[in-house]
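The values are calculated or read from the model by the stated rules, or taken from the named source; none is laboratory data. Owing to the predicted nature of the structure, the values given are computational and were not obtained by experimental measurement. All Cβ positions, glycine included, derive from the backbone under ideal geometry; neighbour counts span all protein chains shown.
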Amino acid sequence: MSVRHGLLALLSQGPRYGYQLKTEFEASTATTWPLNIGQVYTTLSRLERDGLVSRDDQDEQGRVRYAITQDGRDELGQWFAKPVSRTDRPRDELVIKLAMAVTTPGVDAASVIAVQRSATMRGLQELTRAKRGLDASAEAAQRLVLDSMIFHAEAEQRWLDHCEALLIRPTKEHP
């Protein structure tokens, strides 16, 4: 998720100050994507520079609140309307690691796969426990985030199975 657009989405609900944005962002992502408060304020500065947010009134404790501008609402609407392209996503370190493992002399790619499989399984178990631990009042956003992460971990396990099968059998046998 784009932090920039996530903050704009939160600000579309009303003015917020930095720490409030941090905690609401983390709550909406089931605390699976923690934000550094410095990252929040750096992003707010860029959003302000780009005319997408403006400084609003200070709250009763003197904290500066930020509000979304019409340009910010327009950009947020465009973001929601545009599909996420696979080319927009960062490189997958695991894919790169396995590609390099099978081509680097002296590296046991099967061991790299086994280590990753164990780590992915532990992560999947933690995600499943976190999902079970959500109470009935948990927001749909939290459930969706955890479901997505579970599905990605399951897909990673399937892909690791595929990689292992490719290493065991000659490539000619795989279409």
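Some observations on this one:
- Qualifying residue in region 115-138 (condition: of a type outside the set (Gly, Ala, Ser) and farther than 30 Å from Ser28 by Cβ): yes
- Those residues of region 79-98 which are at pLDDT below 85 and surrounded by 10 or more Cβ atoms within 10 Å (Cβ to Cβ), in sequence order: Val84, Asp92, Ile96
- You will find that of Gly77, Gly123, the residue that is in a helix (DSSP H, G or I), out of contact with any Leu (no Cβ under 9 Å at 6 or more places or on another chain) and outside the structural domain of Asp161 (by TED's automatic domain parsing) is Gly77 and no other.
- Positions within region 18-34 being aromatic (Phe, Trp, Tyr) and crowded, with 19+ Cβ neighbours inside 10 Å, in sequence order: Phe25
- Region 96-118: number of residues that are part of a helix (DSSP H, G or I) and free of Cβ contacts under 8 Å to residues at least 40 places away in the same chain: 11
- For region 22-60, a residue qualifies if it is in a helix (DSSP H, G or I), in contact (Cβ under 8 Å) with a residue 40 or more places away in the chain and touching a strand residue (DSSP E or B) at 6+ places or on another chain (Cβ under 9 Å), and exactly one does: Leu47.
- Region 24-51, residues that are under 20 Å from the mean Cα position of the chain (by Cα) and either within 21 Å of Lys131 (Cβ to Cβ) or small (Gly, Ala, Ser) (or both): Glu24, Phe25, Glu26, Ala27, Ser28, Thr29, Ala30, Thr31, Thr32, Trp33, Pro34, Gly38
- Test for Leu44: is it surrounded by 12 or more Cβ atoms within 10 Å (Cβ to Cβ), among the hydrophobic types (A, V, I, L, M, F, W, C) and assigned by TED's automatic domain parsing to the domain that holds Pro15: yes
- In region 112-125, the condition of being farther than 21 Å from Glu164 by Cα and at pLDDT 90 or above is met by at least one residue.
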